[in-house]
Amino acid sequence: MTIFALEQGWVLETKSAAYSFGLNKAGLLAHTYWGKKLPYPEDYPQPIDSEGWASFNGAAHLTPEEYPAYAGTSYIDPCLKATFADGVRDVVLRFESAEIREGNTPELAVHLADAYYPFKVTLHYRVHAAHDLIERWATVSNHGDTPITLERVWSAQWHLPSGDDYHLTHVTGRWLDEMHLRREPLGHGIKILESRRLTTSHHHNPWFALDHGQTNEDTGEVWFGILAWSGNWKLSAEVTDFQSTRVSLGLNDWDFAWTLNPGETLTTPPSCAGYTQDGFGGASRLLHDYIRDTILPHGKTLHKVLYNSWEATLFDVDEHSQTELAEIAAKMGVELFVMDDGWFHGRNDDTSGLGDWWPDAVKFPHGLSPLIERVNALGMDFGLWVEPEMVNANSDLYRAHSDWVIHFPTRARIEARNQMILNFARLDVQDYIIDHIDRLLVAHPITFIKWDMNRNVSEPGWQDSGTDDARQLWVRYVEGLYRVWGTLRERHPQVIWQSCSGGGGRADLGILRYADQIWVSDNTEATARLAIQEGFSQLFPANTMEAWVTDANAEALSLAFRFHVSMCGSLGIGGHLLKWREEERSEAAYWIALYKEIRPIIQLGDQYRLRSPQNHAFSAVQYMSKDRGEGVLF
Ligand code: GLA
């Protein structure tokens with residue numbers, strides 16, 4: 001049994017870890033344990049009953065509540081903050097009932113209700129026993145007849161064993177330089193990581209790992225977690241003055257408000273967390289397996305070696321230039337040819353065309369079919385770049401629907417890369433995009449789509465939203481994105497999708513339910529890539545990490561080295577093949593053939609980071625097949 005009820009609470013057990021909580025005498029749902037699995041149910045601690053500490057720290061402040069709401073004398077960062085119609089801003093949650101649902105991934109639902117108002121909260125738990133992970137999310141519902149304003153609804157608060165000596169590991173970065181691994185002591189107070197950019201962002205990622213400072217790659221305790229969401233998110237890591245450490249994850253409450261009308265329910269995105277004694281490497285491998293086994297749409301499908309034309313031809317694509325590249329790529333053993341930006345109506349540079357998703361009549365007078373047929377005849381699949389959420393002012397779409405972009409009517413519309421963001425919270429926008437991308441996929445044998453998003457939000461307005469609060473945009477946009485992507489996936493299950501946002505601006509477990517791969521960074525310089533890939537690999541498995549061999553710094557870096565770095569993930573080529581010498585092309589053919597032989601071990605095996613590029617002149621990564629029969633060492 002992986003979930004069992006105790007007299008006063010519940011224990012959730014995975015392969016080697018356990019998590020428990022229960023009701024204390026005061027009726028508070030208190031966290032009790034998160035760590036290695038214990039032999040008997042009685043071994044798990046009982047919920048504490050605090051008496052508080054002086055007049056300044058009430059009992060609730062000293063109780064590690066499983067899902068604290070802002071109420072009473074608790075001053076910790078709560079998961080829930082709401083205002084009732086009469087102005088009361090205090091949510092007092094009481095336990096109502098709980099049920100366990102057995103199955104492959106057993107679930108526990110714990111129902112709480114406000115002591116006075118018809119407002120209910122359900123905490124959902126799902127146990128991924130084989131992956132040593134607990135998944136959590138919450139639903140909040142209004143059962144009354146007046147609206148309730150939600151100011152914060154987080155997914156989870158993860159409590160660490162008592163102590164204030166933890167170290168926090170997370171990733172930070174920026175465009176061209178994503179995912180740098182950071183490790184620092186977590187001091188008293190609150191450390192916030194977040195995105196206010198409408199996407200997950202290049203800057204931080206909703207992932208954490210905590211340890212006691214002595215853990216390394218191979219051994220030591222790690223408590224780690226993630227949030228599966230592709231929009232504004234917040235991570236709050238708090239250490240109280242009472243040696244209590246907890247990490248909360250959820251929708252960002254910055255510029256957030258959500259009117260929950262009578263009869264409505266809001267469901268948070270899920271957060272997953274795990275515990276291991278096998279160091280940071282062990283934590284990564286649990287996440288890798290979880291992502292491959294349960295999240296990715298194409299699961300463990302091996303990814304083809306692709307060629308992408310972007311760095312070679314930029315916007316200057318046409319049938320001739322692409323065919324020339326495709327012919328060389330095919331000879332080198334490439335299996336998938338992807339035409340990047342520049343192919344659609346009016347797109348000659350980044351000032352025009354976005355929104356008009358049909359082939360440019362000048363560059364492709366006979367449409368895309370002749371090129372695709374040629375690529376297919378060369379034995380390769382064909383893929384295409386799109387940026388569905390964007391529009392240029394100079395486009396037919398914008399001329400017809402200038403009201404479709406995110407904007408405030410009294411403010412100038414800031415353009416970034418000359419583009420504006422279509423409001424994917426709107427159903428008409430979603431349907432328009434579904435229709436246009438669908439047409440492309442119906443008309444052509446396309447097996448790969450790179451879905452890009454090349455700017456962050458500004459003037460986050462949503463006129464005529466039809467809701468009580470236009471700030472719902474932050475959430476509705478992402479739900480709209482998921483709907484568009486999900487609908488297209490369903491209609492075209494053969495397509496492998498890649499999530500790109502100017503590189504790794506949208507890399508998260510929410511988007512990986514739709515996209516099989518992530519374009520990790522626009523920085524393809526192989527030495528820079530080592531650190532980016534090290535950070536990326538903390539969370540994501542190698543099959544999701546697309547990595548191209550390009551001409552960046554080719555004067556200084558051997559082709560072999562550039563290949564080795566890219567072979568650590570899902571191999572792609574992005575160099576200007578017309579400029580590659582014959583010897584380089586045949587060397588590339590050698591590496592591609594070798595990669596095809598070893599890719600099951602890399603893409604689907606266990607990854608071991610042996611030496612970090614952060615503190616060694618040489619970095620080393622190893623991959624082992626699941627049966628330990630084969631390995632690859634870079
Ligand atoms: C973004 C992507 C690049 C390329 C360009 C095309 O920057 O990250 O790989 O597709 O857009 O405009």
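For this structure, a couple of remarks:
- Residue match in the range 529-550 (condition: under 21 Å from the mean Cα position of the chain (by Cα), over 16 Å from CYS500 (Cα atoms), more than 16 Å from the ligand (Cβ to nearest atom) and outside any helix (DSSP H, G or I)): yes
- Test: ASP522 is in contact with a Leu (Cβ under 8 Å, 6 or more places away or on another chain), surrounded by fewer than 21 Cβ atoms within 10 Å (Cβ to Cβ) and of a type in the set (Asp, Glu): yes
- Elements of type strands (runs of 3 or more DSSP E) in the range 89-138, at least 2 residues being over 30 Å from LEU287 (Cα atoms) and not aliphatic (A, V, I, L, M): 93-101, 119-128
- If the condition is being more than 13 Å from the ligand (Cβ to nearest atom), more than 17 Å from ASP340 (Cα to Cα) and of a type outside the set (D, E, K, R), then the range 497-514 contributes LEU509, GLY510, ILE511, LEU512, TYR514.
- Restricting the range 465-478 to residues that are part of a helix (DSSP H, G or I) and touching a residue at least 24 places away in the same chain (Cβ under 8 Å) leaves a set whose member that is most open to solvent (accessible area, probe 1.4 Å) is ARG471.
- Scanning the range 390-426 for residues that are in a helix (DSSP H, G or I) and touching a residue at least 24 places away in the same chain (Cβ under 8 Å) gives ASP396, LEU397, TYR398, ASP403, TRP404.
- Number of residues in the range 453-464 that are open to solvent by less than 10 Å² (accessible area, probe 1.4 Å) and within 16 Å of the ligand (Cβ to nearest atom) equals 1.
- Flag for SER74 being buried (at least 19 other Cβ atoms within 10 Å of the Cβ) and free of Cβ contacts under 8 Å to residues at least 24 places away in the same chain: yes
- For the range 25-35, residues that are within 19 Å of VAL92 (Cβ to Cβ) and open to solvent by 10 Å² or more (accessible area, probe 1.4 Å) total 6.
- Residue pairs meeting the criteria (Cβ under 9 Å; at least 6 apart or on separate chains; first part of a loop (DSSP other than H, G, I, E, B) and open to solvent by less than 10 Å² (accessible area, probe 1.4 Å), in the range 493-519; second at pLDDT 95 or above and among the acidic types (Asp, Glu)): CYS500/GLU387; CYS500/ASP452; CYS500/ASP522; CYS500/GLU546; GLY502/ASP452; GLY502/ASP522; GLY505/GLU178; ALA507/GLU178
- Given (1) over 29 Å from VAL495 (Cα atoms); (2) open to solvent by 10 Å² or more (accessible area, probe 1.4 Å), index of the condition ASP431 fails: (1)
- Here the strands (runs of 3 or more DSSP E) wholly within the range 183-260 that include at least 2 residues being of a type in the set (A, V, I, L, M) and open to solvent by 10 Å² or more (accessible area, probe 1.4 Å) are 189-194.
- Residue that is open to solvent by less than 40 Å² (accessible area, probe 1.4 Å) and in contact (Cβ under 8 Å) with a residue 12 or more places away in the chain, where the choices are VAL92, VAL110, VAL88: VAL110
The values are calculated or read from the model by the stated rules, or taken from the named source; none is laboratory data. Everything quoted here is computed from the prediction, not taken from an experiment. Backbone-built Cβ (ideal geometry, glycine too); neighbour counts: all protein chains shown. Please note that ligands, DNA and RNA were not included when accessible areas were found on the heavy atoms of the full protein model with its side chains. Shrake-Rupley method; radii C 1.70, N 1.55, O 1.52, S 1.80 Å.
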